[in-house]
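Some notes on the structure that comes next.
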């Protein structure tokens, strides 16, 4: 598709040159925008989480500070008396019980998120609970309380459902998720424990702060303790439970106070941004989950807009590319079509200029004009040279084939007649048969190319008559390779060479008999096969000057030299059939005579 078509190659090149920059621009823009938006989003969320962390810590510090009023609330008579009762180390009577309950009610209204306040007095082993302005008490400590950490006096218990600490209250309070602050009450002189204060907090404020940090349905925010329990999360039903997935472990166990990391599993695969909340009483981690879809949303929107704009212009460029490619290569296609039609003979050379566009002035127009001029030159050459040359060669070939020496026929007939008068024998019949063969062979104009074996049969018939004429005063030697007899050669190319011997080289009065040698052999030189025909005699020969003259006149159309006519005819016909690679050469024979060599290429012309 592309190997043989300049148009397709040009279109492909221009499309690649157009599409690659566009696509590269879109991809690079998307990657850069995605990374930049992700970086900015992580930075902005880290700042939001830091602010929320401060707000939550301030709130928790306020809760812790409110719990210290049990020590520092001397200006509040109820709280001051409450601490005095706890440090007396004696049983609590009716009046002390009333003071404690009144003090817990005052403390429960210190912060609006306080749900209830629980107090355990070690001296009297009694527990007190204040909720909604109602108080109650019971003997003993609530058994399900976690052991107090040895190194802490205050800590926050992870979110859990509220309960009544097994203390009967006249009002019903439905269980709700609460966060409990535990404070160990100490006797200041020796820091011995005199009780435990627990304040259960509603998570309204923490929830309000946390929910302002993330977008629901697309993002998630968690507050996790150091054991992986959920203090706050998007699903309130899971508050207080251990985190099921492992995505939060890296944030919880990270030695850094803040940071981010990628998580590639689940529907919230993306970036997790975290920040530690570490104080003397909490060890929490805030983790915000930013999914890739949300992170790349803006980048995708921007890339989509850029892609639409670039695609619009890219379609224009592609259309222009295809138009320019077609416009550029159409004249070449047109020339190819006309050349094909000319080769098929559907258009005459002289009519091409009528259909070829010559109005363009660019390189294609110059090419079309040059092609037009070439066609005109070819047309003139064919009309004036090629057809005339073919006609002349056809006439020349017919004339060459029709040439027969009338003197030879006359002499041959006389010899046969004389022999017929002197002898009444089969020899006469043989001579007449040889003559008949010769006449049939030479007058058959339907064959212009014959196998070499058939040409040799004609020569043998001719020489039989010559033997009778010259009373066997010469010998004939045939050196013919068997596989050369099937090779096709032009008709009547050996007989004129043999006839020249009897015309110009044979001396009947010589003391020594004449010798005529006819050879045919195949040769190969550098992968080039050729047939070599040799006619050699021991006649009177020619001088060196005469040999050069014959050689010079061989290629002349008409020499007027009788000795050269036969040779020139043979050479002309061989070249007609075997192209100009065929050759004829004349040289001296040893010890005397002439040697004529015909060189016929076997790779061209006839087989």
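Taking every pair of Cα atoms in the range 198-353, average 1/r, invert it to obtain the Kirkwood radius, and report Rg/Rh to two decimals. All intermediate terms of the calculation are to be shown ahead of the outcome.
Numbers: Rg = 33.3 Å, Rh = 21.3 Å.
Here the Rg-to-Rh quotient is 1.57.
Determine the shape class of the range 120-169: with a ≥ b ≥ c the square roots of the Cα gyration tensor eigenvalues, call it rounded for a/c under 1.5, and otherwise prolate if a/b is greater than b/c, oblate otherwise.
Values: a/c = 2.06, a/b = 1.31, b/c = 1.57.
Oblate shape, in that a/c is at least 1.5 and b/c is the bigger or equal ratio.
Quick check: Cα centre of the range 249-299 to Cα centre of the range 45-66, how many Å?
Here the answer is 18 Å between Cα centres.
If you build the convex hull over the alpha carbons only and average its shadow over all orientations, what do you get for the range 68-202? Give it in nm² to one decimal. The partial results should precede the final answer.
Numbers: hull surface 31.2 nm².
Averaged projected hull area, Cα only: 7.8 nm².
With a ≥ b ≥ c taken as the square roots of the eigenvalues of the C-alpha gyration tensor of the range 209-281, please select rounded if a/c is under 1.5 and otherwise prolate if a/b is larger than b/c or oblate if it is not?
Rounded is the answer for the range 209-281, as its axis ratio a/c remains below 1.5.
So, in nm, how far is label residue 24 from label residue 540 when the simple model puts each one 7 Å beyond its Cα toward the Cβ?
About 9.2 nm, to one decimal.
By how many nm would the segment from residue 35 to residue 454 lengthen if fully extended, with 0.36 nm per residue of separation less the alpha-carbon distance? Could you put the intermediate results ahead of the total?
Values: separation 419, 0.36 × 419 = 150.84 nm, distance 9.35 nm.
Value of the extension gain: 141.5 nm.
Find how many whole Å separate the alpha carbon centroid of the range 95-145 from the alpha carbon centroid of the range 506-554.
147
Normalised by the empirical 2.2 N^0.38 Å for globular proteins, what value does the Cα Rg of the range 451-607 take? Can you show the working numbers first?
On the way: Rg = 15.4 Å, N = 157, 2.2 N^0.38 = 15.0 Å.
In units of the globular-protein estimate, the range 451-607 measures up at 1.03.
Please rank 135, 340, fewest neighbouring Cβ atoms within 10 Å first, as an exposure proxy.
On the way: 135 24, 340 11.
Ranked by crowding around the Cβ, least crowded first: 340, 135.
The range 453-488 to the range 566-581: how many Å between their Cα centroids?
The distance from the Cα centre of the range 453-488 to that of the range 566-581 comes to 21 Å.
Can you sort 282, 428, 231 so the residue with the fewest Cβ neighbours within 10 Å comes first? The partial results should precede the final answer.
Details: 282 21, 428 17, 231 25.
Listed from fewest to most nearby Cβ atoms, that is 428, 282, 231.
Can you sort 164, 130, 254, 509 so the residue with the fewest Cβ neighbours within 10 Å comes first?
Ascending number of Cβ neighbours within 10 Å: 509, 254, 164, 130.
Evaluate the distance, in nm, between pseudo-label points positioned 7 Å from the Cα of residue 17 and of residue 579 along their respective Cα→Cβ axes.
4.3
No lab work stands behind these numbers, since they all come straight from the coordinates. These figures come from a predicted structure and were not determined experimentally. For neighbour counting, all protein chains shown are included, and Cβ atoms are generated from backbone atoms with ideal geometry for every residue, glycine included.
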